[in-house]
Amino acid sequence: MSLEKTIKIDQIEIVGDFKAVQVRRATVITDDGVELSRSFHRYAFQSDADISGEDAEVQAVCNAVWTDEVKAAYATHLDSQNPLGE
């Protein structure tokens, strides 16, 4: 019996006007190569997020879609949600 736990990014999606990046991480438990279980964890980032600790593939996707225009539009959107600057 050889149990093994593997964690990998198995899905990256770009969503919405401000190019939010959603990531799905799969955790797979196998026994001698036979999958026993699979579970998922999802999380998302907006263009103002610190992604320095993320997987290189996630960083590459974020850097590709978060242009200066996207970042500026998201910042403007945030400012419009709080017009009093509070």
* Has segment 37-56 got any residue that is part of a strand (DSSP E or B), of a type in the set (A, V, I, L, M) and touching a strand residue (DSSP E or B) at 6+ places or on another chain (Cβ under 6 Å)? -> yes
* **Scope segment 11-39; condition without any contact (Cβ under 8 Å) to a residue 24 or more places away in the chain and not aliphatic (A, V, I, L, M); matching residues** => Gln11, Glu13, Gly16, Gln22, Arg24, Arg25, Thr27, Gly33, Glu35, Ser37, Arg38, Ser39
* To do: All but one of (1) touching a residue at least 12 places away in the same chain (Cβ under 8 Å); (2) under 17 Å from the mean Cα position of the chain (by Cα); (3) part of a helix (DSSP H, G or I) hold for Ala73, so report the exception by its number.
  => (2)
* Single residue of segment 1-59 satisfying the filter (among the small types (Gly, Ala, Ser) and at positive phi) that is surrounded by the fewest Cβ atoms within 10 Å (Cβ to Cβ) -> Gly33
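Among the listed residues Val15, Val21, which satisfies the condition of being under 21 Å from Asp68 (Cβ atoms) and either modelled with pLDDT under 95 or in contact with a Ser or Thr (Cβ under 9 Å, 6 or more places away or on another chain) (or both)? Working first, answer last.
On the way: Val15 fails: either modelled with pLDDT under 95 or in contact with a Ser or Thr (Cβ under 9 Å, 6 or more places away or on another chain) (or both).
None of the others qualify; the one that does is Val21.
The values are calculated or read from the model by the stated rules, or taken from the named source; none is laboratory data. Here the structure is a predicted model, which means the values were calculated and not measured. FYI the Cβ positions are ideal-geometry reconstructions off the backbone, even for glycines, and counts take in every protein chain you see.
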